[in-house]
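Colleague: A single structure is presented below for examination.
Just so it is clear, none of the values below were taken in a lab; they were calculated from the coordinates. As the structure is a computational prediction, the values presented were derived from the model and not from experiment. As a convention, Cβ positions derive from the backbone with ideal geometry for all residues, glycine included, and neighbour counts pool all protein chains shown.
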Amino acid sequence: MPGTKSTGTKTRGPYRLLQENFRRPAGAPGALVGHLMTVQHRGLTRWSAEHLDVRRTHQVLDLGCGSGMAVELLARQAGLGFVAGLDHSPTMVRQAVRRNAGAIGRGQVAIRQGDVGQLPYEDEAFDRISAIETFYFWPDPLRGLAEAYRVLKPGGQLAVTLEMSREASSVPTLTQLLFGRRFSKRSERDGLRILSGAELVAMLDVAGFKDTRFVAEPRRSLGWVCALGSK
Ligand SMILES: C[S@@+](CC[C@H](N)C(=O)[O-])C[C@H]1O[C@@H](n2cnc3c(N)ncnc32)[C@H](O)[C@@H]1O
């Protein structure tokens, strides 16, 4: 499968600490990374949500929910529905619970600790599923996509969104030139899956999704991409 193979020489130091805390935020550094992601991923999250077309009564799932910022946004869109957030990091689950305490109290949001490879939800439970800035890290991406497919209702839709991809502009922005390409290369050496839109779509196809497509913003960050598919 494209992008599933890993890795060359591992890099170390502060960069490695950052990368480990993107993969599974833990302890004080993880909590700090969670807060940073809340700021860094806000624009990307809004963009992803525009493509996901969430309606007021929808049941929505956010995979790898991190600090719960997307859950908060999705809960506003699905005001008469329900939003579940799932993350394997206890540190992120605590942050997401704190951020969404009011909606959890009203029964509109629930946050759980769990792995995308074994989702703790019934078959066909959700109208929409989002996965923002998390797909790079899934140990078995096809297993995660199969689980997303299982818990999606017929006619439901999935959006897998990333801010670092092979869709980055062929005429690089200043950020991409000064910082991005190096970061992307190091991330890839550390085993992150850096994919093109077409590669992402091919994986959704293998997992059984239909009407698959992708949209990209090559000049945003390190190449925003959002792959969409329905069941
Ligand atoms: C870079 S953070 C992005 C968090 C959030 N979606 C955002 O955009 O701010 C990646 C998140 O995915 C979670 N994650 C990674 N692999 C996972 C897995 N196999 N199962 C569940 N969560 C996972 C991490 O714990 C982390 O919170």
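Colleague: What is the ratio of the Cα radius of gyration of the range 177-231 to 2.2 N^0.38 Å, with N the residue count, to two decimals? Let's see the in-between values first.
Modeller: Numbers: Rg = 13.0 Å, N = 55, 2.2 N^0.38 = 10.1 Å.
That ratio works out to 1.29.
Colleague: Student exercise: in the chain, how many lysine pairs 8 or more apart or on different chains have Cα atoms under 17 Å apart?
Modeller: 5
Colleague: Right, something else. Summing -39500 (n - 2.57) over the DSSP H runs of n ≥ 4 in the chain and dividing by its residue number, what mean residue ellipticity at 222 nm do you reach, to the nearest 500 deg cm²/dmol?
Modeller: Numbers: 9 runs with 89 residues, N = 231.
The helix contribution divided over the chain gives -11500 deg cm²/dmol.
Colleague: For a quick check: sort 145, 73 by the number of other beta carbons within 10 angstrom, fewest at the front.
Modeller: On the way: 145 26, 73 19.
Ordered from fewest to most neighbouring Cβ atoms within 10 Å, 145, 73 come out as 73, 145.
Colleague: For residue 56 and residue 153, what does the FRET efficiency come to when R0 = 22 Å and r is the distance between their Cβ atoms, rounded to the nearest 0.05? Kindly include the intermediate steps, with their values, before the conclusion.
Modeller: On the way: r = 16 Å, r/R0 = 0.73.
Calculated transfer efficiency: 0.85.
Colleague: Compute log10 of I(q)/I(0) for the chain with the Debye formula, placing one identical point scatterer on every Cα and leaving out solvent, at q = 0.16 Å⁻¹, to two decimals.
Modeller: Result of the Debye calculation: -1.13.
Colleague: Largest first, please: the extent of the C-alpha atoms of the range 58-159 along each principal axis, to the nearest Å.
Modeller: Computed over the Cα atoms, the extents are 34, 31, 20 Å.
Colleague: Test of understanding: what is the full-extension gain from residue 98 to residue 186, defined as 0.36 nm times their sequence separation minus their Cα-Cα distance? Walk me through the intermediate numbers first.
Modeller: Numbers: separation 88, 0.36 × 88 = 31.68 nm, distance 3.29 nm.
Value of the extension gain: 28.4 nm.
Colleague: Sort 185, 153, 231 by Cβ crowding within 10 Å, fewest neighbours at the top.
Modeller: Values: 185 12, 153 15, 231 21.
So the residues, fewest neighbours to most, are 185, 153, 231.
Colleague: So, in Å, what gap is there between the alpha-carbon centers of the range 74-88 and the range 169-224?
Modeller: Each part reduced to its Cα centre gives a spacing of 26 Å.
Colleague: Check residue 26: other-chain or 5+ apart residues with amide H under 5 Å from its amide H, H built from backbone geometry?
Modeller: Result for residue 26 returns 31.
Colleague: Say we join alpha carbon atoms closer than 10 Å with springs in a Gaussian network model of the chain; which of 97, 171, 201 then has the biggest fluctuation?
Modeller: 171
Colleague: A follow-up question, please. Order these by the 10 Å Cβ neighbour count, fewest first: 35, 58, 88. Working shown, then result.
Modeller: Working: 35 13, 58 22, 88 18.
The most exposed by this proxy come first: 35, 88, 58.
Colleague: A further question follows. Note down the relative contact order for the range 14-230 as a percent, whole number, built from C-alpha pairs under 8 angstrom at least six residues apart.
Modeller: On the way: 433 pairs, mean separation 38.3, N = 217.
Contact order relative to length: 18 percent.
Colleague: For residue 129, enumerate residues with amide H under 5 Å from its amide H, sequence gap 5+ or separate chain, H modeled in the peptide plane.
Modeller: Answer set, sorted by chain and number: 61, 157, 158, 159.
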